[in-house]
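The values are calculated or read from the model by the stated rules, or taken from the named source; none is laboratory data. Fair warning: this is a prediction, and the values are worked out from it, not measured in the lab. Note: ideal-geometry Cβ built from the backbone for every residue, glycine included; neighbour counts use all protein chains shown. The protein model used for the area step is the full one, side chains on, heavy atoms only, and it has no ligands, DNA or RNA in it. Shrake-Rupley method; radii C 1.70, N 1.55, O 1.52, S 1.80 Å.
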Amino acid sequence: MKIAVAKGDGIGPEIMQAVLDIFTANKVPIEYEYVDMGKWVFDKGYSNGMTPDAQQTIEDLGILFKGPMETPKGKGVKSVNVTARKTWNTYANKRVFQTLHGVDTVFSKAGIPIDLTIVRENIEDTYGGIEHMLTHDVALSRRFITRPGSLQVIKYAFEMASKNGSKRITCGHKANIMKITDGLFLEVFYEVAKEYPHLKADDVIVDDLCMKLVSRPQEFDVVVLTNLQGDIVSDLCAGLVGGLGFAPSANIGDHICIFEAVHGTAPDIAGKNIANPTALLLSGIAMLRHLGMMENAATIENALLFTLESGVHTGDFGDRSIPSVNTTVFANAIISNLGKTPTHGARPMLPNQPATQTVFKLEENPMIMSKEPEDELIVGVDMFIESSEQPMVIAEKCLLHVGDIFKLVTISNRGTQVWPKGSVFTNMVNQYSARFESVGGAAVTQTDILELYRALMADFKICSTELLNKWGDKNAYSLAQGQ
Ligand code: NAI
């Protein structure tokens, strides 16, 4: 078994060395091929933060074990960490949070055990980074939630929960507000749930979920969320078990998987050999399990748990009355504890299994799969127009150009209706959305919309447009607040 390893920036090389030393001491049967990724690769002129050779190696080997990498500030370049996750479609970000004895938290002191897995969608949502300034005062972020993307991550979560014998799987969402985007994610969740009747599947609105996670974390098992909400909730969970120093992460795709710690390059302590390698080690242990190396994973994890229980700690955690040790000493303590069993939470020695990873090249993109319904109509358009005038004035101008095919239905500002009814207390910015629907709900063509666009151009700058689609009797668009 050969994997690609990128040491990373800042504390990356120090903690990676510590982890690989532990692997070597346990005779983990893996060979490493080091690849060039990170800030220094950006600095050499590779705008995506990795060399073509690195990309080729990772695509050939299918597994990347990486240290944290710095995103150069203010150079307009995108994070190599995010680029890697998106380029290789690692659609599920799995983070396991478990009580670690020796790492004091309010929950460990109260005797409340935590054993939670967060599965976060890793590609879509606002992380598409598709953003525009529509006017000097109005910025737009497009948030794509897709059926195939949701299906991939939710299927993964159910499959993992089922294999691990989980009792409950929960969807965190905000579908009460984002009825169409989060509504789609939730709909797919319950569609997939039907295939797993032995799992208790339920959903919790994400704000309520945060409150429940900090008040009764022991009630949750597997939680699946969209990207941004998953990002926030998983850091919240890291706080429950002792902080980012204990938060591992696996980015799972069908072809390539990336294992890394959740934390960054810690530039404030880089080069001092004092960083805590636990999060990267836990990520490495997850990688070993993914590769079927169950015995190695359990032996190393038990040695880590034994070491933490014995009070050995780096400077960022642990009992202050016991002097902290540096990264190398901490790793050596784990090495000397290989073969020992911790008092609490010892991991069972399961037999090795075949790797779950299959690496193969895609012939075609499997994502383009949703079938379009036959009774799909375009029934109108939202025109996003730049204007500093009052809604009544905008409506009068729109009505001048509306013609026979369309009627002006509503004008909204920041999603709140301001015409035909509104409130003088609604604050407005210099961008409105004017909704034109077809008279009598008849189908219109894109040419009709283009004609309307041309007519409106006489009075307005149009910043953006969205078609109003209707599928059967279902409107594929939301209402304005107050409409
Ligand atoms: P950070 O996670 O690097 O540091 C936050 C704080 O936690 C610092 O005080 C740091 O000393 C401490 N810390 C982090 N890891 C630690 C460890 N293993 N042991 C002891 N203390 C630790 O977050 P920050 O400062 O926001 O980001 C620094 C750089 O890392 C940025 O360039 C950012 O883009 C990058 N980053 C990379 C990630 C990745 O590679 N996946 C993830 C997050 C940030």
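Here are the numbers for this structure:
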| read-out | value |
| --- | --- |
| With DNA, RNA and ligands ignored, accessible area of I274 (1.4 Å probe; Å², nearest 10) | 70 |
| From phi via Karplus (6.51, -1.76, 1.60), per-residue ³J(HN,Hα) for region 377-391 in Hz, x at Gly/Pro | 10, 9, 10, x, 7, 9, 9, 8, 10, 8, 6, 10, 7, 6, x |
| Accessible surface of region 300-350 [probe 1.4 Å, protein heavy atoms]: carbon and sulfur percent | 58 |
| Contact order normalised by residue count of region 1-120, Cα under 8 Å, 6+ apart, percent | 27 |
| Nearby lysines by direct alpha-carbon distance to K78 (threshold 25 angstrom, same-chain neighbours under 8 apart not counted) | K7, K39, K44, K66, K86, K94 |
| Sequence ranges 139-146, 230-237, ranked by mean other-Cβ count within 10 angstrom, highest first | 230-237, 139-146 |
| Beta bridges per DSSP with both ends in the chain, % antiparallel, nearest 5 | 65 |
| Sequence-distant aspartates and glutamates (8 or more away, or on other chains) whose Cα lies within less than 19 Å of K407 | D382, E396, E437, D448, E451, D459, E466 |
| Within the accessible area of region 372-437 (1.4 Å probe), percent carbon and sulfur | 54 |
| Whole-number percent relative contact order across the chain, with pairs defined as alpha carbons under 8 Å at least 6 apart | 16 |
| Solvent-accessible surface (1.4 angstrom probe) belonging to S47, in square angstrom, nearest 10 | 90 |
| In order through region 438-450: 3J(HN,Hα) via Karplus (6.51 cos²θ - 1.76 cosθ + 1.60), integer Hz, x for Gly, Pro | 5, 5, x, x, 6, 6, 10, 10, 5, 5, 4, 5, 4 |
| Tilt relative to the chain, helix 278-290 - C-alpha long axis, 0 to 90 degrees, to 10 | 80 |
| Per-residue SASA entry for E389, accessible area with 1.4 Å probe, Å² rounded to 10 | 70 |
| Accessible area in the full protein assembly, largest first, 1.4 Å probe, for H198, H132, H313 | H198, H132, H313 |
| Probe 1.4 Å, accessible area per residue of the chain, Å² | 47 |
| Accessible-area composition of region 103-207, carbon plus sulfur, in percent [1.4 Å probe] | 58 |
| Candidate aspartates and glutamates - alpha carbon under 12 Å from K27, same-chain residues fewer than 8 apart omitted | E295 |
| Estimated vicinal HN-Hα couplings, Hz - region 255-261 in sequence order (Karplus 6.51, -1.76, 1.60; Gly, Pro = x) | 10, 10, 10, 10, 10, 7, 6 |
| Between helix 52-61 and the chain: long-axis angle, C-alpha atoms, 0 to 90°, nearest 10 | 70 |
| Global geometry of the chain, whether rounded, prolate or oblate, following the gyration tensor of its Cα atoms and the 1.5 cut on a/c | prolate |
